[in-house]
Structures are given as C-alpha cells and as structure tokens.
Number of protein chains: 2
Amino acid sequence: MNQPLKPLTIKVHPTDNVAIVVNSGGLPAGTVFNDGLTLREHVPQGHKVALVEIALDAPILRYGEVIGYAMKPIPQGSWIEESLVRLPEAPPLESLPLATKVPAPLPPLEGYTFEGYRNADGTVGTKNLLAITQTVQCVAGVVDYVVRRLKAEVLPKYPNVDGIIGLNHIYGCGVAINAPAAVVPIRTLHNLALNPNFGNEVFVISLGCEKLPPERLLNEGGAGGVPIKVVSDDVVCLQDERFTGFQSMVEAIMKQAEVHLVRLNQRQRETCPAADLIVGLQCGGSDAFSGVTANPAVGYAADLLVRAGAAVMFSEVTEVRDAIHLLTPRCANEEVGKALLREMAWYDDYLGRGETNRAANTTPGNKKGGLANIVEKAMGSIAKSGTSAIVDVIAPGEKIRRKGLTYAATPASDFVCGTQQLASGMTLQVFTTGRGTPYGLEAAPVIKVATRRDLAARWHDLMEVDAGTIATGEETIEEVGWKLFKLILEVASGRKKTWADQWGLFNALAVFNPAPVT
Amino acid sequence: MNQPLKPLTIKVHPTDNVAIVVNSGGLPAGTVFNDGLTLREHVPQGHKVALVEIALDAPILRYGEVIGYAMKPIPQGSWIEESLVRLPEAPPLESLPLATKVPAPLPPLEGYTFEGYRNADGTVGTKNLLAITQTVQCVAGVVDYVVRRLKAEVLPKYPNVDGIIGLNHIYGCGVAINAPAAVVPIRTLHNLALNPNFGNEVFVISLGCEKLPPERLLNEGGAGGVPIKVVSDDVVCLQDERFTGFQSMVEAIMKQAEVHLVRLNQRQRETCPAADLIVGLQCGGSDAFSGVTANPAVGYAADLLVRAGAAVMFSEVTEVRDAIHLLTPRCANEEVGKALLREMAWYDDYLGRGETNRAANTTPGNKKGGLANIVEKAMGSIAKSGTSAIVDVIAPGEKIRRKGLTYAATPASDFVCGTQQLASGMTLQVFTTGRGTPYGLEAAPVIKVATRRDLAARWHDLMEVDAGTIATGEETIEEVGWKLFKLILEVASGRKKTWADQWGLFNALAVFNPAPVT
C-alpha cells in the first residue's frame, strides 16, 4: 500500500469551508498544506479542518450543503470536532420541489452480460438456492434440523444447486398481526419467498396455530406483489394430524424438499443482459470517506447499471432524510416525488412514536470516522445513488417494479436493510464500509467496498474493492466505478466468489417489524 | 392412549355457566351427558357448551370470572362459538386491591436436590455452556464461523463442556440506542451474558463502531444487574488495528475461547438443593385445556418449587393483563403490587403506540382450540403461577432478585419470552402447549407439557409430559404436578435429556426491543 507522503485533504465542493484529512493516522498540529493552510492542532484521519475562520452560528459547509452551524468561533486550521457542530433541522417535507430537475436519460450501455439463472417469472437469479419459507419462528428449529440433514445427506446429489437455506425470522406469531404497521413484515416475508435467487420454488413450513397462516403469507405481497400459487405439498403444517411425531414431520419436509432440488438441479446458467440484474446498494460503518470514495464509486457503477438497463435500489430512510431536498427534484415525476415524501413522513412518525428521530442514526464509529452528524452522513450516503432519475419509490418490503433507479425505503440498519432489499428482489448487493464490517447474506452475494486504503489492506480477506485509492489520487471515481461494475458481472455470474461466500459469513435475516410484539 | 368412552365436559368453577368438551374430535348434536344436558349442535373439542340458557348481554362465566358477554341469547346446550362472545374491557389499573390476600407461606419442602454446576456468583447452572456474547449482529457471521470450528476442532478436547453457543441477536446497531425503551434490550443482552448456565465466563465479541459498545453492554444491567468485570482479552473487537484480516480475528477468538473452555471443563456437577433452581414458566399455542390441565399442573409444580425454596418466574404481560385483579391481591406487599401495575401500564402504552391492544394476543390456533378471547386465555395462563405469594416483579430483561414466585414481565411471544427469561437468569423452562410447538432453547433445557392426550400421543418424540390425563380423569393435577417437579430435577441434573436437546431443536434468541430501529 502506497501511503501518500504529502499531507492531503479533500474538499468536496467549491463552496465548502471544510475539508477532510486523508492521511492515515491523521496529521499533527503545525502541518502545512500546499495551499499554505496550517493545522492549529492534530486532526484525525477523515476529520474536518476549517479552511477559513468560521464565525459563531455560521454554517459549516461540506458537499456544498449546510451540515451544521458553528457552536463557537472556529479559527482557520482547527479540527472541527463534532461537539463544535450544531445539528440543523431536517428539511421540511411540505414545500420541496418535485421532479423539477429530472436528469436526462443516460446514454445506453450495450453489450454487457452475465451468466444467470432465468426464472419462469422472468426474473434472473445470481444463485440457485433452495429456500425454505417459514410462516413463524416456531418452526425454525425443525427447519434448521432438516437443512442440516439435507445438506449432509441429499444436497451432494444435486451439484447444480448452490445451497439450501431456511428463511428464519422472528415474526409470524406473538405479534400484533392486525396493527396498521404489520403490513410491512407480512409483505416482506411474502416477497422474500419470491427472491429470484430461489428459482420460483416456494416451499412453506407452517406450525398451524400461528397468526400469520400460509394463506396470508402467500397472498399479501403488497404493491408490486402477486399471490403465490403453490401445490398443497408445498405447504407443510407441523400440526397436521397426519404427522405422528417429529421424525414423521422431518420425513415429509425432506421428501418435498427433494422435489424442489430435482427441479433446481436441472437449471443451468445462461447468458443474460446486464439489464436482468437487480442490485441493492447499502453502506454500513460509514466514515467521512464514504461520501468521497466508496459511495461515489458505487454511484458511478449504479449509473453504469442503469445505463445497461438494470434495476438498482438505494435505501436507508434516515440516511436520505437530511438530503431529501436533493432527491425530490431528481424524481421522474411528481407521483414518484410524493411517494418519496410519503416514506420520509412515515419514518419520521415511526421514530417519533418511539420518542426519537433521524439523528439517532449515527454511531460512535461514524463519529470516530469523522462524521459529525446525520446530515453529513446523509450527504455521503446518497452519493451511492449516482446521477440518474429516481423512477420509482417502494415501501419497505415491496417488490421492485421498474428498471432504473428505485428508492426502496428501508431502515438503515445493515441487517434490516439487507433483508428488506432481498424481499424487494435484490439478487446482488454492493455494500460500502469505512470502519469495516464482515457483513454477508446467504441469499445473495455481497460485494464489499472499503472507503480507505488502510482498511482494505488490513481486511484483505473480507473486502472486495479498495476505493481508498480515490482519496489518495491513485485512481479516479470513474476507474473504481468501472472496476466495480465489471466485478458485479463476475460475481453475478458465479465466476468470482465474494469473501463472505467463501468463508460462509452470513448475517441472519432481520425482517422489519414496526408494529408491537404481543 | 385410553380415550374415555363417555361424553365428558369440564366445568372449572361452581359458578360457571359454561363447560368445555373433553372428547377428542368433539361431540355431536344430541349428545346427552350424565346430568341430562343435551347438545343442540356439534361442539368441537375444547370448545364451550352453555350449561344453562344465557340471555343477551348476560355474562359468560368460566374460571368463576366473566370471560365475555353474550352477543345474542344462547340456549342451553349450544356451542358458544367465539363470535357469540363480546370482549370485556380490561380491568382498570387504578383501583385494584394490592396485597390484600397475600397467601400464607406454603409449608417448606425439604430434601429435594439436583446435580448442578455451581458458579462463583452463587448461582447454579443446569448446563455447562460456553456462550459468546455479541454487542451487535454485525459480528454474528464471524461468531458462527468460529463456533463451527470450535465445535469441530476444539470442543472434543473438553468433554465436560456441554456446548458452545453464540448469543446471536439483531440488536446493537441500527437502533435508537438512546430512545427511552432502549434500556430493555440493553439490559437484556447484559443479563443474558450472565445466565447461570454459562458458568460466569463472559466473553464478548464487538465490531468497534456499533452503538452498543462493550463498555455499555457490560455495565448496564438495570435493576438487579451488576457491572460485569472481564479481562481485556475477553473483549475482542474486530476493528482492532492488531487484526490483519479475517483469519487473524478467528485465531484470536479461538484462542481466547479455549481459555474459557479449559476452565469450564474443570467444573463438575455437584448436589445442590432444589432451592438453587431458577425455573421459567411459559405457554404457547394454548387451547381451552391449558387452563384446566397443563397450566394447573405446572402451577402445582411451581408451588412445590417455591416450597423447596427455588426461584420461579411467570411472565407474558398480555396473558395476565385481563387477570390482573386476581394477581394484585396475591402480591407480597403494596410495593410489589405497584410494580405489577406499572408493568401492565407500560405494556398498555407500548401496544397503544402501535395502535393495538392486549386483544391482539390471541391466535387463530387459540380460537380453534376453544379460547374465545384474551380474557379466557389469560384466566388459563395464570394458572401456571400456582397459589403462592408474588414476592417480586421485574421489568423485561432484569435479573431475578428473589427466591419464590416472581412476575417477570415479558411479551407473550414464545421466543421473546424465552429470551427475556434467560436474561432474567432462568436455568430451566417449563413450556405448556395445547396446539403443539417444537419450541426449544439452546441455553437452557425446556420441558414441554401437552394439554391434551391426543397431542401428547401424536407428538410422542417432542413432548415430555402428558397433562391430558387430568381432563380424562386418569390423573389428578397433584399427580401430574409431582411428576413434573421430579422431572425438573432429573432434567436439571443432566440425567434426562429433553426431546428438544436430543434433536437439537432450538429457537433463535429474540431480544425484546420496544424502541425503533433506525
């Protein structure tokens, strides 16, 4: 790894009055930059230095946006530690311009393909997995037992099947199933079963007395969802009187699982246009570099995907809330803009009922990494969305409906966002991280992009892409974006395995349940 | 299984105007009972028959309590289907008698012991497990990987250790960590680490940027909790700069895990008085028999445990809410009574914020099993508590503080209640079920008690105790209660394995998080 020798800062926008320190380990007091700026004190890596004197209550500008107001006069060359930054109000949702600056369609990008598994419903998977849907957590122990036995005794007979996974969750009973917000987890579980990586082979294990019976799970997909039709053998109910004990349940489930394995095993990867991809974008453990290295590179790759005709989702409500005024103008039409505002308002209300707000999003790690508050974090987060028009907005757990860039509203929690994007149909995820996380999903490959060179170097067997080269000037955003785009095609084709897939590092599903448990 | 030949009903209390049908499959119209009562229509098993004519709006009485009001005139011998029953209001919390009928201490029961693992903090475990605490779900994939390797490569060297478990959860980040209700999941995770079955060997894996850092998890145990002191090697932070990649993290975790395994392996079971038990009580998939067979038998066993000096917890707020007027008089003093009311009010408010109420508790299976509504369910549920004084009330996730009968407030959701009781220190759980569930916990043995003979017979390799014999008159509540008490001692001693332990049927932990995710 080439550490730049010279003291280096990054100023994102011409109007910014702060820049962030690039150098690993930070820079000491007295450091003099090329332009003559001198540090008055030690500034840690990723943290902000005042480029000019900032008066009390004056705006602090990064990304050309007000990320806060000075709590006291800040001399030029000072470290702008988070306690010096007063959090602005979130933009009011009532008076935002909708679809006023709709980006022109990007030039089409032809000729890029991947090797995918084409499904009967027209979607294309990047993996060929048998997924076992569960109406309720009660059955998870039985499903886990069956999955262990299937993997050991049966799966070796079906070499074209990539794996068998139980779609474990903690929903389905002991919850307020008719509370207004219960629509979210119900449609999430419905649409999860239909993820393209599961080959349209829906197989449901039910207990029999749960609040979410199979009929309801199969029928309530929400907007963009369709009822799921299955044969009766594909719903195994453990309380069914035909079962005489646990071993008879296991036998029935294993038998029916094999019906699906036989069909899945007959599938072959085929060449598909990149337009058949459904890519989810997420960040976790963000730092001040996220918005200048990894996320812009992902945004560039998102534009390439959109140009190639693919579907791309960005998410994380609390991380777009403070940047919403930059997104509503980009919506393809007023209706999409209103849907975006509706999701913001819904989440404001959800957080309010818990006596909190979007500012609860930032973590100690974000702050250590230089992010003063949620506004600064949001400005970096939305860089993932690239520059194309937002063509659709879907509520948490709804199925994606359009090609191009969709805003899929989800919590920002890594595991919850990942689960919700899987429900929306994501077949591959790109995940950026500044602090570092070993995040992975069993249902879809996750490509991890490091924001900093030192993280990428240390976590060499966990990170796929090093976007830190953008900060050091070794590569451009475009170069890393193209590299990522090509890697997406490789991973989607099964030609390249992610580290998470190689080590088997998978986070549990975490279905978003905004309603109470009972 | 001896099915009684004669038509049989059970009337619980002398003042009841309904009874439930015992016979498997129900009884047909025209059935004549010993006392001359004739069925006007088919009545399913467990469902209520009107013993007398019940006028419009007249109370329907079971357990000597009003479980509802007649929606229309109900002739004698009719099936009281749930739609005929109007739900009463929940008892108001303001004017209930506190500690007015405190039961006299039950006669001590001497001489009962079990073979347990005594811990340095004075608690006694029923298992000898290495548990790996996690601050945040981000690390779960790594922990799972390490647990797989430890089990395969290391555990065989330590035959006295019963197992290694990762305390996986979906909390720790992406949550409103400073919302008022966040105290619940934080103290739950804190106290989980201290469960007596983990031998006081606390070992924490942290990511490094999460909202719930190790210091906070280790320090915030809530009432009854104490700060956890660990050596620095017992907190492994994956973002620590000493790690050069995934494999170096794995190496460090495995090395430190072995330090704990060596110590755990030196432990031996020793004879302990039954007073050293901490038993949790729960029901799931309840039916109309729950309150007349399994739960009263469990209540009898609870009394035996209390007489032997043990700690016993009953829980499930929405299943005691409608019976609260029967519990507040039993509280040992006014302070305990007020704490009980405080927990009820907290949960009323929590449900109200989600636009629902305690009536959301009942499931389709409960209703199929004859329970008309939450009032009838609650009357049956509290039978588990036996007859002793309620000596203490703890909030969700707090550590148990006293011997005798404690009310541990938790949701009624099986997996959430189980997790919260583990956090409160439960070392063995007794779980009753009428509809049937394969529920199990990895951290503590779960003894499952069936409410009906036919369930116990069909699920012969999942249920430990058949309490259906009480309904058929083959055994008394006392007999089944004693049988269960003795089985508790056997299972706690490791001499008898539960079916869930034998098959490895374990539900995931489900930490109660009443606060929003971000």
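Taking the simple approach of a point 7 Å from Cα along Cα-to-Cβ for both B:ARG86 and A:GLU251, what is their distance in nm?
With each label point 7 Å from Cα toward Cβ, the separation is 5.2 nm.
Mind running the shape call on region A:248-287? Use the C-alpha gyration tensor, a ≥ b ≥ c as the square roots of the eigenvalues: rounded below 1.5 for a/c, prolate if a/b tops b/c, oblate otherwise.
Note, shape of region A:248-287 comes out oblate.
Name the residue from B:SER206, B:PRO107, B:VAL259 whose Cα lies farthest towards the positive end of the charge dipole of the protein assembly as shown, charges +1 on Cβ of Lys and Arg and -1 on Cβ of Asp and Glu.
Result: B:VAL259, furthest along the dipole toward the positive end.
Expressed in nm to one decimal, what extension gain is obtained for the pair A:ASP461 and A:VAL52 from 0.36 nm per residue of sequence separation less their Cα-Cα distance?
Additional length available on full extension: 143.1 nm.
How do the peptides A:283-296, A:352-365 rank, highest first, by the average count of neighbouring beta carbon atoms within 10 Å per residue?
Taking the mean over residues of other Cβ atoms within 10 Å, the ranking is A:283-296, A:352-365.
Residue by residue through B:453-459, how many Cβ atoms from other chains fall within 10 Å of the Cβ on average?
3
Would you mind checking which residues have amide H under 5 Å from A:ILE394's amide H? H placed 1.01 Å from N; only 5 or more apart, or other chain.
Amide H neighbours of A:ILE394, under 5 Å, 5+ apart: A:TYR407, A:ALA408, A:ALA409.
For the protein assembly as shown, give the magnitude of the charge dipole about the Cα centre (Cβ charges: +1 Lys/Arg, -1 Asp/Glu; no others), in debye to the nearest 20.
880 debye
Closest to the A-onto-B rotation axis, which residue of chain A has its Cβ, and how many Å off the axis is it?
Of all Cβ atoms in chain A, the one nearest the axis gives A:ARG353, 2.
Based on other C-beta atoms within 10 Å, arrange A:VAL124, A:VAL416 from fewest to most.
A:VAL124, A:VAL416
Please list A:387-393, B:78-84, A:201-207 highest first by mean number of surrounding beta-carbon atoms within 10 Å per residue.
A:201-207, A:387-393, B:78-84
Relative to the other copies, what are the label-point distances for A:ASN34, with labels 7 Å from Cα along the C-beta vector, expressed in nm at one decimal and sorted shortest first?
So the label point of A:ASN34 gives 9.9 nm to the other copies.
Sort A:GLU474, B:GLU110 so that the residue with the fewest other Cβ atoms within 10 Å of its own Cβ comes first and the one with the most comes last.
The most exposed by this proxy come first: B:GLU110, A:GLU474.
Run lengths n ≥ 4 of DSSP H only: what is the helix-derived mean residue ellipticity at 222 nm for chain B, with -39500 (n - 2.57) per run over all residues, to the nearest 500?
Counting only the DSSP helices, I get -8000 deg cm²/dmol.
Please go through region B:44-129 and write out the trypsin sites (Lys or Arg not before Pro) that DSSP classes as loop and that have at most 15 other C-beta atoms within 10 Å.
Taking region B:44-129 and a limit of 15 other Cβ atoms within 10 Å, the loop trypsin sites (Lys or Arg not before Pro) found are B:LYS101.
Which residues' amide hydrogens lie under 5 Å from the amide hydrogen of B:ILE165, considering only partners 5 or more residues apart or on another chain, with H built in the peptide plane?
Here the answer is B:LEU130, B:ALA131, B:ILE132, since their amide H atoms fall under 5 Å of that of B:ILE165.
Quick one: work out the % antiparallel among DSSP beta bridges in chain A, nearest 5.
Restricted to chain A, the bridges split so that about 40 percent are antiparallel.
A 25 angstrom limit on the alpha carbon distance is what I want to check against. Which of A:LYS151/A:LYS496; B:LYS6/B:LYS48; A:LYS101/A:LYS403; A:LYS6/A:LYS368 exceed it?
none
Taking the Cα atoms only, what angle lies between the long axis of helix A:334-353 and the longest principal axis of chain A, rounded to 10 degrees?
90 degrees
What FRET efficiency do you get for B:GLU334 and B:ASN178 if R0 is 30 Å and r is their Cβ-Cβ distance, rounded to the nearest 0.05?
Efficiency, rounded to the nearest 0.05: 0.35.
Compactness ratio of region A:129-266: Cα Rg over 2.2 N^0.38 Å, N = residue count?
Ratio of Cα Rg to 2.2 N^0.38 Å: 1.01.
Give the nm distances, rounded to one decimal, from A:ARG149 to the matching residue in every other copy, measuring between label points 7 Å along Cα toward the beta carbon; shortest first.
List, nearest first: 3.1 nm.
Given +1 on the Cβ of Lys and Arg, -1 on the Cβ of Asp and Glu, and no further charges, what dipole in debye does region A:290-447 carry about its Cα centre, rounded to the nearest 20?
240 debye
Enter the angle in degrees (range 0 to 90, nearest 10) between the Cα long axis of helix B:140-149 and the first principal axis of the Cα atoms of chain B, meaning the one along which they spread out most.
Roughly 80 degrees, rounded to the nearest 10.
Taking 8 Å as the Cα distance limit and 6 or more residues as the minimum spacing, I'd like the relative contact order of chain A as a percentage.
Relative contact order of chain A: 19 percent.
Count, for each residue of B:288-298, the Cβ atoms from other chains sitting within 10 Å of its Cβ, then give me the mean as a whole number.
Partner Cβ neighbours, averaged per residue: 0.
Kindly state, as a whole number, the per residue volume in cubic angstrom of the convex hull around the alpha carbon atoms of region B:275-503.
109 Å³
So what is log10(I(q)/I(0)) for chain B at q = 0.09, 0.11 1/Å, when the Debye sum runs over its Cα atoms only?
Calculated log10 I(q)/I(0) at the listed q: -0.64, -0.93.
Just the number, please: percent antiparallel of the DSSP beta bridges in region B:365-455, rounded to the nearest 5.
Roughly 0 percent of the beta bridges in region B:365-455 run antiparallel, per DSSP.
Cβ under 13 Å from A:VAL102's Cβ, A:VAL102 left aside: what net charge do those residues give with Lys, Arg +1 and Asp, Glu -1?
My count for the surroundings of A:VAL102 gives 0.
Kindly express, to the nearest 10 degrees and within the range 0 to 90, the angle between helix B:294-307's C-alpha long axis and the longest C-alpha principal axis of chain B.
60 degrees
May I ask you to report, in nm to one decimal and beginning with the shortest, the distances from A:GLN268 to the same position in the other copies, taking label points 7 Å along Cα-to-Cβ?
Computed spacing set for this position: 6.6 nm.
Give me, ordered by chain and number, the residues 5 or more places off B:ILE60 or on other chains with an amide H under 5 Å from its own placed amide H.
Placed amide hydrogens put B:ILE67, B:GLY68, B:TYR69, B:ALA70 under 5 Å from B:ILE60.
Please order B:VAL511, B:VAL175 by the number of other Cβ within 10 Å, starting at the fewest.
B:VAL511, B:VAL175
Based on alpha-carbon centroids, what's the gap between region A:14-73 and region A:351-382 in Å, whole number please?
Using only Cα atoms, the two centres lie 20 Å from each other.
Mind checking the full-extension length gain between A:ASN34 and A:ASP233? Use 0.36 nm per residue of separation minus the Cα-Cα distance, one decimal, nm.
That works out to 64.5 nm of additional length.
Expressed as a rounded percentage, what relative contact order does region B:1-88 have, with Cα pairs under 8 Å and six or more residues apart?
26 percent
Residues of A:168-181, mean number of Cβ from any other protein chain within 10 Å of their own Cβ, rounded to a whole number?
For this peptide, the per-residue mean of nearby foreign Cβ atoms is 6.
No value in this document is a laboratory result; all are computed from the given coordinates. It should be emphasised that the depicted structure is a prediction, and the values quoted were computed from it without experimental measurement. We place every Cβ from the backbone using ideal geometry, glycine too, and count neighbours over all the protein chains shown.
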